[in-house]
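Student: Please see the structure below; I have some questions.
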Amino acid sequence: MGDFEKSGQRLIALCLLGFLLFNYPVLALFNLPQTVFGIPVLYAYIFCAWALLIGAMAWVVEKRR
Amino acid sequence: MTKKVLIVDDEENIVTALEFLLQRSGYETRVARNGDEALSEVASFAPDLVLLDVMMPRRSGYEVCQRVRAHPEWQRIKIVMLSAKGRDVEVSKGVSLGADLYVTKPFSNAELVAKIDALLGGGRAGGQ
Amino acid sequence: MLQGGVIVVSSFAYLGLLFAIAYYADKRADAGRSVIASPYIYSLSLAVYATAWTFYGSVGRAAVDGVGFLPIYIGPTLMIALWWVVMRKILRISKQNRITSLADFIASRYGKSALLGGMVTVIAVIGIVPYISLQLKAVSNGFLILMQYPEIVMPAKVGAVPVLQDTALWVALILALFTIAFGTRHLDAAEHHEGMVAAIAFESLVKLLAFVAVGVYVTFVIYDGFGDVFARAAADRALAPMLTPLEGVAGSYSNWIWLTILSMLAIMFLPRQFQVSVIENKDESHLNKAIWLFPLYMLAINVFVLPLAFGGRLHFPAGVVDADTYVLTIPMAEKQELLALLVFIGGLSAATGMVIVETIALSTMACNDLLMPVLLRMKSLRLNERLDLTGLLLGIRRGAIVLILLLGYLYFRLAGEAYALVSIGLISFAAVAQFAPAALGGIFWKGGTRRGALAGLLAGFLVWSYTLLLPALARSGWLPVALLEQGPWGIGLLRPLELFGLKGLDQITHAMIWSMVANIGAYVAGSLSGSPSAEETRQASLFVDVLRGGGAGARFWRGTASAPQLYGVLARFLGTEGADEAFRSYAGARGLRWPAEQVTADADFVHFAETQLAGAIGAASARIMVASVVKEEALSLEEVRNILDEASQVVMYSHQLEQKSRELEEATTELRAANERLKELDRLKDDFLSTVTHELRTPLTSIRAFTEILHQEPEIDAAQRRKFLGIITRETERLTRLINQVLDLAKIEAGRALWHETRVDMQQVISDAVTAMGQVFEEKGIRVDVRMPERVSPVHADLDRMIQVMLNLLSNAVKFCDPAAGRIEIALSESDGWLRVDVRDNGAGISAQDQQAIFDKFRQVGDTLTDKPHGTGLGLPISRHIIEHHAGRLWVESERGQGATFSFDLPVAS
């Protein structure tokens, strides 16, 4: 049960982290004219951060077993 | 006919004392100083009684006792266990393995000899 | 080849395939072998979130403002992380109460209020109709565009086509038939629509596949990868501003935040999402996988949106092709017939999935929460007296499905042209977001009341209508545009798009801020301003405390009822078969064989019957029906509170009890371990005592035997007497030595030994020890070699103890060395701050397994007649203790037949 509650709290923390990552001001930091492999930094950032967030959620949920 | 007693102990001084006592009581004695020797002496010396120390190098007294009791021709041999281990468990173990008597060290000479006499069915003359 | 016939046939073939899948899944469900009981199917069914709006509209929006569409998918990703806590609770509540829809959920929470259920239904229908019309628009537009192949012509204005020739109408009717076939096979809405879920999951795969296919085609076939698309867009003067630093994201950061929050709420409260995530959920544990699989799906379907948007804008001259159609028109322009057809099917699947689930959810609400409560109350209809109402219920649901789709079509005809796809969708999102305060507040806050929920919903809905619906109507020409520009009656502060002068926000953000302020404000104020009824208090407790073993709804009921009457009610709504089944399962759980043995209509049973009924007609209607046949004693608020207090005390006590018993268990385990340790110590002590006794008795035996001999046999000769007295003396010495050593060891082990530490010269120690043993060596004829350096550093040690160790080791060596040609070597050496002493004999050596044992107390090694050792068996253990006390080590190295070397080392004194 403790483990179960801990997972819930970790997911809540990830939700808050996501809110931080995908909003002002963090988003503004990546709003740059440069490109990464030809992709504008902002676009690349959003998709990478999104993928990492999903990965972290999967990790929290799946490692319980 | 003189009764024969085999003394089995690894303590030199105790052996000396027992030999002296039993010879004075009119028994023929032979000495073995460990379990292996004891078994071969039982076979060659054919004693009427074995005085058996428990704690010995190579085969313990318990084991010797067990072997003797397992041999069909040796059933009539009396066995007296002698041990410095006097706890109840050890006494009952000795008796359950087929010893006729379990005597705790140190012992009284007179009592020991009297018990041996009684087991061998006669006085020190042994004279049948 | 892409003629109209091919398109129509493909579309119907696709719908046929869907129906086959649904049919198969339903058959399997009837056979008890569900195909949808899988977390993967559950996750895919959640992807009904991605509609035609996603499929076509995302690209359209991205073509205008870049990443502005993304919050709609990032929001749900954030929200689903909270599902572990929130959704689990909702699932538990819904299963316990056999909730049939979102309206039922909210109505049930606030005292099974029919009024509240009806209001939620009305808001949901009004809010969702535009969203359904959007699907119709997408499908019919897609169809019309594809029909023109190879030309790319945008469809004519909606109003220009007569109604009966309008593709959208036919699409609506076909979808209505299809939905009826899917969704109204079973009556019990709390039962799962397994066929529908299987079909939806399949549709999710199809739309993802189609979208990714066109995305890959545009990104990697037409262009040369992501970098290439962006580089070309950057070189285009019209597109460059979207790539260089944005002015905020999608205009402004606050819009972005609000869009995220809006979609966080939408993923929970869109009727179709509630349907698939709650009502159709088979197993709570499916949440676990869905928590990351569903966000992954959304990530995958969004990866190619930006390349498609830029690709489309680079491909077509500005203003010619609607950006909402790029997904379809790019493959058409490239003459990729198959791909275009696949895209159309993908769009069709996105639209049909949404329409089917949404209309089923809405029709269930309309039937259970809007029409039934009204019909049941209308005495003139005498519904209570009709024997079987199942047909009526199904009829109502089917009618509602057709009606909702026709409403969707109507909205499409009247208002559809005014907005791009994304804007229409967001209006619906904002409408369902109004459910959030009542629904979320209801599961976490016991203080929320029916009055508060009604007030909040009404306020939120009114503000939504004023700030979003009204402008939509005005722009469609149904209301004067002046209303938007000058405000009603020319009052500037009331301008719908700049309410109270709030400017600079986009329409959705503006509406969300005001509607949420009104909604939450009214909800909280309404809840706090009055006190709840008994029924509300009890439902609040059942919902909020569901995870703490709530659900004992029966304990709140008092009254009298008759089982046959309840059977009659159940049979009317569930059919006799359903009623029989319910009675059988209830009786079976209590070990009764119904109908031979009757069930007693006690509180438990009435509660059971009501819950069964709620699964078919919703909580509010079920309440009305059950109340009509049982005589109920109304519980006062006071009584309900007492029951709740009692229950919460019981819960508290049982928590305490659990905690205590857990503590007790821990204590027991510890005690058991301690006891084991004590037993072990006791056993060791016992063994030690027994060994010591044995060792003491052996010399005593000789002493007593010879003493008695000397005493009782006066006539033995002098030589023998001398010999016996010598034995007595030696055995007495042995006894003394043994006693001393036992005491010594006990002292050292207990830490009570006194140590007189000084600077000790080990050369001196060795010489002294060898001298002391000189006589023994001589007697046994043992040769002793000592090898020492000129000078060694002193050690810090107890001199007497050092000599004791040396004597021990030497007498040990004497005992073990070759009896005929004994030889002992002693070596002293110094290196790296350590002194080392080796004592080597040339005896039989010590076998490996004995090398450790010799350091145990009373463990003497020796097994031949002659080498029966006469030590006490304590010398080595004592020596080792002494050396270890001085921070050194004592060890032995030996091989059988090679002699043994005992060594110790000591740190040099600093």
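The values are calculated or read from the model by the stated rules, or taken from the named source; none is laboratory data. This structure is a prediction, so every number in the text was calculated from the model and none was measured. No Cβ is skipped: glycine too gets one built from the backbone with ideal geometry, and neighbour counts run over all protein chains shown.
Student: Within the bounds of segment C:707-719, is there any residue that is modelled with pLDDT of 85 or more, in a helix (DSSP H, G or I), out of contact with any strand residue (DSSP E or B) (no Cβ under 7 Å at 6 or more places or on another chain) and more than 25 Å from residue B:84 (Cβ to Cβ)?
Tutor: Yes, some residue in segment C:707-719 is modelled with pLDDT of 85 or more, in a helix (DSSP H, G or I), out of contact with any strand residue (DSSP E or B) (no Cβ under 7 Å at 6 or more places or on another chain) and more than 25 Å from residue B:84 (Cβ to Cβ).
Student: If you check every pair at least six apart or on different chains, which have Cβ atoms under 6 Å apart with a residue in segment C:840-853 that is closer than 12 Å to residue C:815 by Cα first and a residue that is among the polar types (S, T, N, Q) and part of a loop (DSSP other than H, G, I, E, B) second?
Tutor: If the second residue must be among the polar types (S, T, N, Q) and part of a loop (DSSP other than H, G, I, E, B), the pairs left are C:845/C:898.
Student: Pull up segment C:187-237, narrow it to residues that are β-branched (Val, Ile, Thr) and crowded, with 24+ Cβ neighbours inside 10 Å, then point me to the one that is nearest to residue C:575 (Cα to Cα). I'd like the intermediate steps shown before the answer.
Tutor: Pass one, segment C:187-237, residues β-branched (Val, Ile, Thr): C:197, C:200, C:206, C:212, C:214, C:216, C:218-219, C:221-222, C:229.
The next check asks that each one be crowded, with 24+ Cβ neighbours inside 10 Å; those that pass are C:197, C:200, C:214, C:218, C:229.
Working: C:197: 25, C:200: 29, C:214: 50, C:218: 55, C:229: 61 Å.
Ranking the candidates gives C:197 first.
Student: Hey, among C:457, C:469, which residue is part of a helix (DSSP H, G or I) and either in contact with a Leu (Cβ under 8 Å, 6 or more places away or on another chain) or buried (at least 23 other Cβ atoms within 10 Å of the Cβ) (or both)?
Tutor: Details: C:469 fails: either in contact with a Leu (Cβ under 8 Å, 6 or more places away or on another chain) or buried (at least 23 other Cβ atoms within 10 Å of the Cβ) (or both).
Going through C:457, C:469 in turn, just one is part of a helix (DSSP H, G or I) and either in contact with a Leu (Cβ under 8 Å, 6 or more places away or on another chain) or buried (at least 23 other Cβ atoms within 10 Å of the Cβ) (or both): C:457.
Student: Give the residue that is nearest to residue B:111 (Cα to Cα), with candidates limited to residues of segment B:1-26 that are more than 13 Å from chain C (Cβ to nearest Cβ) and under 14 Å from the mean Cα position of the chain (by Cα).
Tutor: To start, the set of residues in segment B:1-26 that are more than 13 Å from chain C (Cβ to nearest Cβ) comprises B:1-6, B:26.
Now restrict to residues that are under 14 Å from the mean Cα position of the chain (by Cα): B:3-6.
Numbers: B:3: 18, B:4: 19, B:5: 16, B:6: 18 Å.
So the residue we want is B:5.
Student: Hey, among the residues in segment A:1-41 that are more than 7 Å from chain C (Cβ to nearest Cβ) and within 14 Å of the chain's Cα centre (by Cα), which one's farthest from residue C:80 (Cα to Cα)?
Tutor: A:26
Yes/no matrix, rows are residues, columns are (1) among the hydroxyl-bearing types (Ser, Thr, Tyr); (2) more than 38 Å from the chain's Cα centre (by Cα); (3) under 30 Å from residue C:627 (Cβ atoms):
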| position | (1), (2), (3) |
| --- | --- |
| C:274 | no, no, yes |
| C:284 | no, no, no |
| C:304 | no, no, no |
| C:311 | no, yes, no |
| C:351 | no, no, no |
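Student: If the requirement is being surrounded by fewer than 22 Cβ atoms within 10 Å (Cβ to Cβ), closer than 25 Å to residue C:464 by Cα and modelled with pLDDT of 85 or more, which of these qualifies: C:132, C:126? Give the steps one after another, and end with the answer.
Tutor: On the way: C:132 fails: surrounded by fewer than 22 Cβ atoms within 10 Å (Cβ to Cβ).
None of the others qualify; the one that does is C:126.
Student: To continue, here is another question. Output the qualifying pairs, or none if there are none: Cβ atoms under 6 angstrom, residues six or more apart or on different chains, first residue in segment C:800-813 and in contact (Cβ under 8 Å) with a residue 12 or more places away in the chain, second residue among the aromatic types (Phe, Trp, Tyr) and crowded, with 22+ Cβ neighbours inside 10 Å.
Tutor: C:809/C:902
Student: Looking at segment A:36-46 only, could you name the residues that are free of Cβ contacts under 8 Å to residues at least 24 places away in the same chain and crowded, with 18+ Cβ neighbours inside 10 Å? Walk me through it before giving the result.
Tutor: From segment A:36-46, those free of Cβ contacts under 8 Å to residues at least 24 places away in the same chain are A:36-45; that's our starting set.
The answer is A:39, A:40, A:42, A:43, A:44, A:45.
Student: Of the conditions (1) more than 21 Å from residue C:435 (Cα to Cα); (2) in a helix (DSSP H, G or I); (3) aliphatic (A, V, I, L, M), residue C:511 fails just one. Which one is it?
Tutor: Tallying (1) more than 21 Å from residue C:435 (Cα to Cα); (2) in a helix (DSSP H, G or I); (3) aliphatic (A, V, I, L, M), residue C:511 fails exactly one: (1).
Condition check ((1) among the β-branched types (Val, Ile, Thr); (2) under 20 Å from residue C:253 (Cβ atoms); (3) in contact with a strand residue (DSSP E or B) (Cβ under 9 Å, 6 or more places away or on another chain)) across all residues:
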| position | (1), (2), (3) |
| --- | --- |
| C:489 | no, no, no |
| C:498 | no, yes, no |
| C:504 | no, yes, no |
| C:508 | yes, yes, no |
| C:511 | no, yes, no |
| C:520 | yes, no, no |
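Student: Give the residues of segment B:98-113 that are within 14 Å of chain C (Cβ to nearest Cβ), crowded, with 16+ Cβ neighbours inside 10 Å and either over 13 Å from the mean Cα position of the chain (by Cα) or not in a strand (DSSP E or B) (or both), sorted by residue number.
Tutor: Those that are within 14 Å of chain C (Cβ to nearest Cβ), crowded, with 16+ Cβ neighbours inside 10 Å and either over 13 Å from the mean Cα position of the chain (by Cα) or not in a strand (DSSP E or B) (or both): B:105, B:106, B:107, B:109, B:112, B:113.
Student: Could we say that residue A:54 is surrounded by fewer than 18 Cβ atoms within 10 Å (Cβ to Cβ), within 19 Å of residue C:290 (Cα to Cα), within 7 Å of chain C (Cβ to nearest Cβ) and not small (Gly, Ala, Ser) here? So that I can check it myself, show each step before the final result.
Tutor: Details: surrounded by fewer than 18 Cβ atoms within 10 Å (Cβ to Cβ): no; within 19 Å of residue C:290 (Cα to Cα): yes; within 7 Å of chain C (Cβ to nearest Cβ): yes; not small (Gly, Ala, Ser): yes.
The answer is no for residue A:54.
Student: Output yes when any residue across segment C:697-714 is over 60 Å from the mean Cα position of the chain (by Cα) and more than 14 Å from chain B (Cβ to nearest Cβ), and no when none is.
Tutor: Taking segment C:697-714 first, the residues over 60 Å from the mean Cα position of the chain (by Cα) are C:697-714.
Filter again for more than 14 Å from chain B (Cβ to nearest Cβ), leaving none.
No, because not a single residue in segment C:697-714 is over 60 Å from the mean Cα position of the chain (by Cα) and more than 14 Å from chain B (Cβ to nearest Cβ).
Per-residue answers, yes or no, for (1) among the aromatic types (Phe, Trp, Tyr); (2) over 28 Å from residue C:735 (Cβ atoms); (3) surrounded by 19 or more Cβ atoms within 10 Å (Cβ to Cβ); (4) in contact (Cβ under 8 Å) with a residue 40 or more places away in the chain:
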| position | (1), (2), (3), (4) |
| --- | --- |
| B:9 | no, no, yes, yes |
| B:33 | no, no, yes, no |
| B:65 | no, yes, yes, no |
| B:96 | no, yes, no, no |
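Student: Still on this structure, I have one more. Of everything in segment C:35-88, what is more than 13 Å from every other protein chain (Cβ to nearest Cβ) and not in a helix (DSSP H, G or I)? Give them in sequence order.
Tutor: Scanning segment C:35-88 gives C:35, C:36, C:37, C:38, C:50, C:51.
Student: Here is a further query. Among the residues of segment C:676-706, what is the count of those that are at pLDDT 85 or above and either outside any helix (DSSP H, G or I) or among the charged types (D, E, K, R) (or both)?
Tutor: Counting residues in segment C:676-706 that are at pLDDT 85 or above and either outside any helix (DSSP H, G or I) or among the charged types (D, E, K, R) (or both) gives 5.
Student: Can you name the residue in segment B:27-37 that is at pLDDT 90 or above and either in a helix (DSSP H, G or I) or more than 13 Å from every other protein chain (Cβ to nearest Cβ) (or both) and, of all such residues, is farthest from residue B:118 (Cα to Cα)? Working first, answer last.
Tutor: Looking only at segment B:27-37, we keep the residues that are at pLDDT 90 or above, and these are B:27-32.
Among the residues that remain, those that are also either in a helix (DSSP H, G or I) or more than 13 Å from every other protein chain (Cβ to nearest Cβ) (or both) are: B:27-30.
Working: B:27: 13, B:28: 16, B:29: 17, B:30: 20 Å.
Within segment B:27-37, the match that is farthest from residue B:118 (Cα to Cα) is B:30.
Student: Which residue pairs have Cβ atoms closer than 7 Å, lie 6 or more positions apart in sequence or on different chains, and pair a first residue in segment C:139-164 that is in a loop (DSSP other than H, G, I, E, B) with a second residue that is modelled with pLDDT under 75 and aliphatic (A, V, I, L, M)?
Tutor: From segment C:139-164, the pairs are C:149/C:2.
Student: On the basis of being among the aliphatic types (A, V, I, L, M) and within 47 Å of the chain's Cα centre (by Cα), does residue C:479 make the cut?
Tutor: Values: among the aliphatic types (A, V, I, L, M): yes; within 47 Å of the chain's Cα centre (by Cα): no.
For residue C:479, the condition - among the aliphatic types (A, V, I, L, M) and within 47 Å of the chain's Cα centre (by Cα) - is not met.
Student: Go through segment B:38-54 and report how many residues are assigned to a loop (DSSP other than H, G, I, E, B) and surrounded by fewer than 18 Cβ atoms within 10 Å (Cβ to Cβ).
Tutor: Here is the first cut: in segment B:38-54, the residues assigned to a loop (DSSP other than H, G, I, E, B) are B:46-48, B:54.
When the remaining residues are screened for being surrounded by fewer than 18 Cβ atoms within 10 Å (Cβ to Cβ), the result is B:46.
Total meeting the criteria: 1.
Student: Sort through C:741, C:775 and tell me the only one that's assigned to a helix (DSSP H, G or I) and surrounded by 15 or more Cβ atoms within 10 Å (Cβ to Cβ). Explain how you work it out, then say what you get.
Tutor: Values: C:775 fails: surrounded by 15 or more Cβ atoms within 10 Å (Cβ to Cβ).
Just a single option satisfies the conditions, and that option is C:741.
Student: Moving on to the next point. If you check residue C:296 against the conditions, is it without any contact (Cβ under 8 Å) to a residue 12 or more places away in the chain, within 11 Å of chain A (Cβ to nearest Cβ) and either assigned to a helix (DSSP H, G or I) or more than 23 Å from the chain's Cα centre (by Cα) (or both)?
Tutor: Numbers: without any contact (Cβ under 8 Å) to a residue 12 or more places away in the chain: yes; within 11 Å of chain A (Cβ to nearest Cβ): yes; either assigned to a helix (DSSP H, G or I) or more than 23 Å from the chain's Cα centre (by Cα) (or both): yes.
Yes; evaluated as a whole, the condition is true for this residue.
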